[in-house]
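Below is one structure, written out as structure tokens; comments come after it.
The values are calculated or read from the model by the stated rules, or taken from the named source; none is laboratory data. This is a predicted model, so every value here is computed, not measured. Using ideal geometry, Cβ is built from the backbone for each residue, glycine included, and neighbour counts are taken over all protein chains shown.
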Amino acid sequence: MASRILVALDESPQAEAALRHALSTYPDAEIHVLHVTDPREWTGGGVDGGYYSEELYDQIQESAERLLERAESIAAEYDVAVTTASTDGRTSSAIVRYAEDHDVDHVVVGSHGRRGLARFLLGSVAERVARRSPGSVTIIREPDSKDET
């Protein structure tokens, strides 16, 4: 059984289901919860090639803090303490880098389950993580009612 688990967390129901899955499936593991803020969320393209919004960046960081506090609250429901972290970067690369840097055995990630053109155009973070992760990966596609409390 995996001893160090990484759960990638965003604001989606699939990510919360991934967290609940990890907490219920690996109750004795050391669980890390990571939120990645992609710089493309607070920068934008403009005539000169882009701009930076410090105000938007601050709002995104506050939102990430609230999300990680929510993760700690969910973990408390399972009587488990988690290690939380937040980083900036391209989401899939940041998840894999964190897994490598922290000797993670297993990654649990939510997936929106897009298909066809939407998947092609938007890409799949879960798929990229599964291909590049140093350990095994579980992909949670939608909330599982048995993991809900």
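Quick notes on this one:
- When residue 123 is tested against (1) within 18 Å of residue 8 (Cα to Cα); (2) modelled with pLDDT of 95 or more, exactly one condition is not met: (2).
- The stretch 53-69: number of residues that are modelled with pLDDT under 90 and surrounded by 11 or more Cβ atoms within 10 Å (Cβ to Cβ): 7
One line per residue, one yes/no per condition, for (1) modelled with pLDDT of 85 or more; (2) within 23 Å of residue 3 (Cα to Cα); (3) exposed (fewer than 14 other Cβ atoms within 10 Å of the Cβ):
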| residue | (1), (2), (3) |
| --- | --- |
| 71 | yes, yes, no |
| 76 | yes, yes, yes |
| 101 | yes, yes, yes |
| 104 | yes, yes, no |
| 135 | yes, yes, no |
| 147 | no, yes, no |
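- Residue that is at pLDDT below 90 and on the phi > 0 side of the Ramachandran plot, where the choices are 44, 49: 49
- Checked against the criterion of being among the aliphatic types (A, V, I, L, M), assigned to a loop (DSSP other than H, G, I, E, B) and at pLDDT 90 or above, the candidates 80, 33, 7 yield just one match: 80.
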